[in-house]
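To start, the structure itself, in structure tokens.
The values are calculated or read from the model by the stated rules, or taken from the named source; none is laboratory data. It should be emphasised that the depicted structure is a prediction, and the values quoted were computed from it without experimental measurement. With ideal geometry, Cβ positions are generated from the backbone for all residues, glycine too; neighbour counts draw on all protein chains shown.
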Amino acid sequence: MDLDPSEEQRLLIDAFGALYAKQSPPERVRAAEPSGHDPDLWVRLCENGALEMAVDEVSGGWGASLLDLALVAEQHGRFLGSAPLLEAQVAARLLARVDSPAATAALTAALSGEQLTTLALHPPRAGVLTMTPSGAVADRVVFLDQGQLWWTAAGEARTAVANLGCLPVGDVPIGNTPVLLADGPEVNDLFERARDEWLVLMANALAGMGARALEIGVAYVKERHAFGVPIGSFQAVAHGLADAATSVDGGGLLAREAAWAAAEEPDRAPELAALACAFNAEAAREASYRSLHYHGGYGFMLEYDIQLYFRRAKAWPAQFAEPAALYARAEGHRLSARHGGR
Amino acid sequence: MTVDFRLGERSEVFRQEARDFLDEVLTDEVREEMERTGVHHSWHFHRNLVERGWLAPGWPEELGGQGRDPLEMLAFMEEFHRAGAPTYAVGTTLMVAGIIRHIGTEEQKQLVIPPALRGEIIIVLGFTEPESGSDVAAAQTRAVRDGDEWVINGQKMFTTNAQEADYVFMLTRTDPGVAKHKGLTTFLVPLRQPGVEIQPVRTLSGERTNLTFYSDVRVDDSLRIGEVDGGWDVMGVGLTLERAGDHGGELIRLLEAMEEWATTTVDDGGGHPADDPAVRSRLGRAAAENEVTTLLCRRSAWISASGGMPGVEGSMSKLFASEALTRRSADFVDLLGPDGIRSQGDPTAPAGGAADYDFRFALGTTTYGGTSEVQRNIIAQRGLGLPRAR
């Protein structure tokens, strides 16, 4: 057992941590609102290999593991990155797994930076891919419809959706010219695997987000005085933060385990992906809520950074589903494994 | 080295051996007896453990252990907790034996360690009193010197297994005139002597514990552990020896009982409760909290295995494990509907009465070994660096 990242992974964390610290400080996060897209940040991330690393060497990438990507996602969440990182990585990995000329061409276009390609997490409703992550800024959307995998141009008909988290989500009509990527019995599994990967990366982003939200709250209650003492000396405040710290620590371990399991314990990977995203959604919500509340009236002001975390902790994972639905998804995997004689 | 959540090959082999042992030795008769008497100690089980050499596998071989590392011990303990094996008396005995091993005299080591590791004696804890629980240092039980002996008068609360035990490891007040932490002394007090009265106390989950009274009880000075008035330091040694990651196990047993219920119960429409996503959601939430409990406990054991001291991390394991069990057992009683209140032991109880039992049992876990409030103070002050709480 070892919970410390390897030397190489440490370097990866440090490199992306430094990049985000410079390119995604709170001022830049605010400046990117309400669209939620910071083109400069995205360019820097791509220059540093954030997209290429997601794909294996034969497909033109670096062959990073899901755990490597999770470590970057943790920094992404910590700094509230205004960039389509998670869905672009997951879409590229999915394209790389599909064996068709259309998929190969789509992957080449995505990796070159020519076509920013995202993934719709849900099937279309009445011809529209609603609440597509980064759908408001992507050039192309990969989606599943009735067992067939397609991409479509996001195009001009799409609508950017004003939303709680200032996310670049979009409602994207499929239009008349989608391109078929794959059609066959394996397509559903490939798509579910991609969704699980998005859940794992989101879980890790939320773990970073929750940890940072907690730090902000802890720093504030040490400074702020009321009744002649720092408010962090009141148990009513300290205990709320202690609970949040426990959830955030536990969530961080679960998120990392889920990323590790993708390669090392594939039988449990789908279960852990959903559990990790649901638990970290709630942990980040708890940490950001308590931190905001202990700011008193200041927490309610847009000027304080904690509200940036509070809104995103709820909005980011909601793009997939509420925690209760994710718990049900995880339990479904558990029960089928049980019937499989585990 | 790289991230690896497995406990390792040796640990997994040891885990499987522990499972096989438990399947064989933890029979229905042993369980029924524990349930009937409320005593979570079985001499039959205890002697089997000794025979197998597993009373203290984590201890060095020359002292009667097997020299197992903390991760092997974690795998071993995970199985024992998951099976609901009676380990409480083993735990208290080894904790005290551990203290004596570290700071006891040669004579004390000879007296206690060999018989303890041979499973011949049991030692229980005497810290808590009717007037002091979390504030352990407020103990009022008096010890007064009389030549080579000390005379003890007072009461101890929750002296679990005292009726089976040979000694109580007792925190006493030897100097009432100084600050409370400075006037304490610890003794190994023989329990089978005049002046000791053991009064059974029944608890919410049916477990038996005791209130113990001490009237002019005599203990030789050779059974004083540590310095006179140095009892608080001795307690500190005990704290560092407390097994990390010892708080999981119960929730996974409950979850598996509920999953069995959800997949085998046939409802009016011919389906199973698990067909309903709302039911799966509640089971899944317990699965998440169980996984987090396991991971927090494993982190603590890993820190120990790497030579560190899991202080704050240990508090997080304990806090999360006990609060998660409290939340989930309450929710599972609800999930079972009116049948949820059928008690364990009643043949009609769904899921073997596990939800009803844990609904009761969980409340004990949020208190013993340091209440949730004490754990939150530790996390806030030592982990987050917040000022001392008010």
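How many of the residues in the range A:298-323 are surrounded by fewer than 16 Cβ atoms within 10 Å (Cβ to Cβ) and either assigned by TED's automatic domain parsing to the domain that holds A:A83 or under 22 Å from A:A120 (Cα atoms) (or both)?
1
Would you confirm, using the coordinates I've provided, whether B:E227 is in a helix (DSSP H, G or I) and not hydrophobic (A, V, I, L, M, F, W, C)?
Against the criterion (in a helix (DSSP H, G or I) and not hydrophobic (A, V, I, L, M, F, W, C)), B:E227 does not qualify.
For the range B:261-279, enumerate the residues that are in a helix (DSSP H, G or I), in contact (Cβ under 8 Å) with a residue 12 or more places away in the chain and not aliphatic (A, V, I, L, M).
B:W261, B:P273
May I ask you to list the residues in the range A:235-268 that are more than 9 Å from every other protein chain (Cβ to nearest Cβ), over 20 Å from the mean Cα position of the chain (by Cα), surrounded by fewer than 22 Cβ atoms within 10 Å (Cβ to Cβ) and in a helix (DSSP H, G or I)?
A:A236
Here is a yes/no grid of residues against (1) more than 14 Å from every other protein chain (Cβ to nearest Cβ); (2) surrounded by 15 or more Cβ atoms within 10 Å (Cβ to Cβ):
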{"position": "A:R10", "(1), (2)": "no, no"}
{"position": "A:V55", "(1), (2)": "yes, yes"}
{"position": "A:A64", "(1), (2)": "no, yes"}
{"position": "A:H76", "(1), (2)": "yes, yes"}
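Does the range A:16-34 hold any residues that are surrounded by fewer than 14 Cβ atoms within 10 Å (Cβ to Cβ) and closer than 18 Å to A:A70 by Cα, and which are they?
If the condition is that a residue be surrounded by fewer than 14 Cβ atoms within 10 Å (Cβ to Cβ) and closer than 18 Å to A:A70 by Cα, then A:A18, A:A21 are the ones that fit.
Look at the range A:135-192 and say how many of its residues are closer than 30 Å to A:Q307 by Cβ, charged (D, E, K, R) and touching a residue at least 40 places away in the same chain (Cβ under 8 Å).
1
For residues that are out of contact with any Cys (no Cβ under 9 Å at 6 or more places or on another chain) and assigned to a loop (DSSP other than H, G, I, E, B), scanning just the range A:71-82, find the one that is nearest to A:I174 (Cα to Cα).
Across the range A:71-82, the extreme among qualifying residues is A:G81.
Filter the range B:286-310 down to the residues that are small (G, A, S) and more than 17 Å from the chain's Cα centre (by Cα) and list them by number.
Keep residues of the range B:286-310 that are small (G, A, S), which gives B:286-288, B:300-301, B:304-308.
Answer for the range B:286-310, where residues must be small (G, A, S) and more than 17 Å from the chain's Cα centre (by Cα): B:A286, B:A287, B:A288, B:S304, B:A305, B:S306, B:G307, B:G308.
Give the residues of the range A:225-234 that are more than 9 Å from chain B (Cβ to nearest Cβ) and crowded, with 16+ Cβ neighbours inside 10 Å, sorted by residue number.
The one that is more than 9 Å from chain B (Cβ to nearest Cβ) and crowded, with 16+ Cβ neighbours inside 10 Å: A:I231.
Specify the residue that is farthest from the other protein chains (Cβ to nearest Cβ); the eligible residues are those in the range B:1-41 that are of a type in the set (D, E) and in contact (Cβ under 8 Å) with a residue 12 or more places away in the chain.
Out of the qualifying residues, it is B:E35.
Just one of A:R312, A:R334, A:R338, A:R290 is closer than 20 Å to A:L167 by Cα and either charged (D, E, K, R) or within 9 Å of chain B (Cβ to nearest Cβ) (or both); which is it? Break it down into steps so the answer makes sense when it comes.
Details: A:R334 fails: closer than 20 Å to A:L167 by Cα; A:R338 fails: closer than 20 Å to A:L167 by Cα; A:R290 fails: closer than 20 Å to A:L167 by Cα.
Just a single option satisfies the conditions, and that option is A:R312.
If we keep just the residues of the range B:348-366 that are assigned to a helix (DSSP H, G or I) and of a type in the set (G, A, S), which is nearest to B:A324 (Cα to Cα)? Let's see the steps before the verdict.
Keep residues of the range B:348-366 that are assigned to a helix (DSSP H, G or I), which gives B:350-365.
This time we only want the ones that are of a type in the set (G, A, S), so: B:351-355, B:362, B:364.
On the way: B:A351: 19, B:G352: 20, B:G353: 18, B:A354: 15, B:A355: 13, B:A362: 9, B:G364: 13 Å.
The extreme case among them is B:A362.
Quick one: in the range B:361-383, which of the residues that are among the aliphatic types (A, V, I, L, M) and buried (at least 21 other Cβ atoms within 10 Å of the Cβ) is farthest from the chain's Cα centre (by Cα)?
Checking each candidate, the answer is B:A380.
Please work out if A:R285 is part of a helix (DSSP H, G or I), within 15 Å of the chain's Cα centre (by Cα), more than 11 Å from every other protein chain (Cβ to nearest Cβ) and among the charged types (D, E, K, R).
The answer is yes for A:R285.
For the range B:200-219, enumerate the residues that are assigned to a strand (DSSP E or B) and surrounded by 13 or more Cβ atoms within 10 Å (Cβ to Cβ).
B:V201, B:R208, B:T209, B:N210, B:L211, B:T212, B:F213, B:Y214, B:S215, B:V217, B:R218, B:V219, listed by residue number.
Within the group B:A305, B:A287, which residue is surrounded by fewer than 24 Cβ atoms within 10 Å (Cβ to Cβ), farther than 30 Å from A:A219 by Cα and within 11 Å of another protein chain (Cβ to nearest Cβ)?
None of the others qualify; the one that does is B:A305.
Please go through (1) closer than 23 Å to B:L239 by Cβ; (2) touching a residue at least 24 places away in the same chain (Cβ under 8 Å); (3) at the interface with another protein chain (Cβ under 9 Å from one of its Cβ atoms) for B:G314 and return the number of the only condition it doesn't satisfy.
Here B:G314 meets the rest and fails (3).
To keep it simple, each residue is scored yes or no on (1) loosely packed, with under 14 Cβ neighbours inside 10 Å; (2) assigned to a helix (DSSP H, G or I).
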{"residue": "B:D23", "(1), (2)": "yes, yes"}
{"residue": "B:W54", "(1), (2)": "no, no"}
{"residue": "B:E79", "(1), (2)": "no, yes"}
{"residue": "B:A89", "(1), (2)": "no, yes"}
{"residue": "B:L94", "(1), (2)": "no, yes"}
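Among residues belonging to the range B:262-284 that are of a type in the set (G, A, S) and surrounded by 15 or more Cβ atoms within 10 Å (Cβ to Cβ), point out the one that is farthest from the other protein chains (Cβ to nearest Cβ).
The extreme case among them is B:A262.
I need the strands (runs of 3 or more DSSP E) fully contained in the range A:95-181, keeping only those with at least 1 residues that are among the small types (G, A, S). Talk me through it step by step, then tell me what you get.
Values: elements: A:117-119, A:128-132, A:140-145, A:148-153, A:170-173.
Counting at least 1 such residues, we get A:148-153, A:170-173.
Only one of these is at pLDDT below 95 and in contact with a Gly (Cβ under 7 Å, 6 or more places away or on another chain): A:G175, A:G170. Name it. Even if it seems obvious, please write down each step before you answer.
Numbers: A:G170 fails: at pLDDT below 95.
Answer to the selection: A:G175.
Kindly indicate whether any position in the range A:269-280 is away from chain B (no Cβ under 11 Å), over 19 Å from A:S82 (Cα atoms) and in contact with a His (Cβ under 7 Å, 6 or more places away or on another chain).
Yes: the range A:269-280 contains one or more residues that are away from chain B (no Cβ under 11 Å), over 19 Å from A:S82 (Cα atoms) and in contact with a His (Cβ under 7 Å, 6 or more places away or on another chain).
If the Cβ limit is 8 Å and pairs must be 6+ apart or interchain, which residue in the range A:213-224 that is at the interface with chain B (Cβ under 9 Å from one of its Cβ atoms) pairs with which residue that is hydroxyl-bearing (S, T, Y) and assigned to a helix (DSSP H, G or I)?
Listed pairs, sorted by first residue: A:L214/A:S291; A:V218/A:S291; A:V221/A:Y294.
Do we find that B:S300 is more than 8 Å from chain A (Cβ to nearest Cβ), free of Cβ contacts under 8 Å to residues at least 60 places away in the same chain and part of a helix (DSSP H, G or I) in this structure?
Against the criterion (more than 8 Å from chain A (Cβ to nearest Cβ), free of Cβ contacts under 8 Å to residues at least 60 places away in the same chain and part of a helix (DSSP H, G or I)), B:S300 qualifies.
The conditions are (1) within 14 Å of another protein chain (Cβ to nearest Cβ); (2) part of a helix (DSSP H, G or I), and B:L386 fails exactly one of them. Which is it?
Condition not satisfied by B:L386: (2).
For the structure I just gave you, tell me whether B:E256 is within 13 Å of chain A (Cβ to nearest Cβ), touching an Asp or Glu at 6+ places or on another chain (Cβ under 8 Å) and assigned to a helix (DSSP H, G or I).
no
Do the conditions hold for A:A325, that is, is it outside any helix (DSSP H, G or I), out of contact with any Asp or Glu (no Cβ under 9 Å at 6 or more places or on another chain), within 27 Å of B:E323 (Cα to Cα) and of a type outside the set (K, R)?
On the way: outside any helix (DSSP H, G or I): no; out of contact with any Asp or Glu (no Cβ under 9 Å at 6 or more places or on another chain): yes; within 27 Å of B:E323 (Cα to Cα): yes; of a type outside the set (K, R): yes.
No.
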